[in-house]
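The next block holds one structure in the form of structure tokens; read it before the comments.
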Amino acid sequence: SMITTSMEVRMGFVYENDAGEQRLVVSVDHGRANPVAIWRTPDPNLPKGAKAQGSATVASFRRWAVKMRKATPEDWSAFQQVERRRVWNKRDTEAMRRIKQSLAQA
């Protein structure tokens, strides 16, 4: 496979791995020997169960990523959409459970 020069890991850029997974770097903590990148999903339709946010050392991020691009406003808003949807899904599940319980007791 083609060897890419180790790319710079910077805030406001979206990085992608071989599998097409994308991560938006929201901050990089340089105040340590091993700098750490904090990331969020830029995918508003993130599959259920997939991690929406996390952190990784810049070194491991560089190994993980094969592509990078500048983040768009949509990339920045995707995480909020995923979080909101997950909150609603949890509420719906909870409401359905309560309805089923009350029907079972009737």
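The values are calculated or read from the model by the stated rules, or taken from the named source; none is laboratory data. Being a predicted model, the structure only gives us computed values, none of them experimental. Methodologically, a virtual Cβ is constructed for each residue, glycine included, from the backbone with ideal geometry; neighbour enumeration extends over all protein chains shown. SASA here: full protein model, heavy atoms, side chains in, ligands and nucleic acids out. Shrake-Rupley method; radii C 1.70, N 1.55, O 1.52, S 1.80 Å.
Tell me what the chain gives for mean residue ellipticity at 222 nm when only DSSP H runs of n ≥ 4 count, each as -39,500 (n - 2.57), the sum divided by the residue total, rounded to 500 deg cm²/dmol.
Details: 2 runs with 40 residues, N = 106.
After summing the helix terms and dividing by the residues of the chain, the value is -13000 deg cm²/dmol.
Ignoring any ligand, DNA or RNA, what whole percent of the accessible area of the chain comes from carbon and sulfur when the probe is 1.4 angstrom?
Working: 4080 of 7570 Å².
Answer for the chain is 54 percent, counting heavy atoms of protein chains only.
When the Kirkwood radius is taken over all Cα pairs of the chain, what Stokes-Einstein diffusion coefficient follows at 25 °C and 0.890 mPa s, in µm²/s? Write down the numbers at each step before the final one.
On the way: Rh = 15.7 Å.
D = 157 µm²/s.
In Å and on Cα atoms, what radius of gyration and Dmax does the range 58-100 show?
Final numbers for Rg and Dmax: 17.4, 49 Å.
Could you list the residues of the range 73-106 with an amide nitrogen less than 20 Å from a label point located 7 Å from the Cα of Arg10 in the Cα-to-C-beta direction?
Those under the cut-off are 73-77.
Per residue, how much accessible surface does the chain expose to a 1.4 Å probe? Answer in Å², no decimals.
Details: 7570 Å² over 106 residues.
On a per-residue basis, 71 Å².
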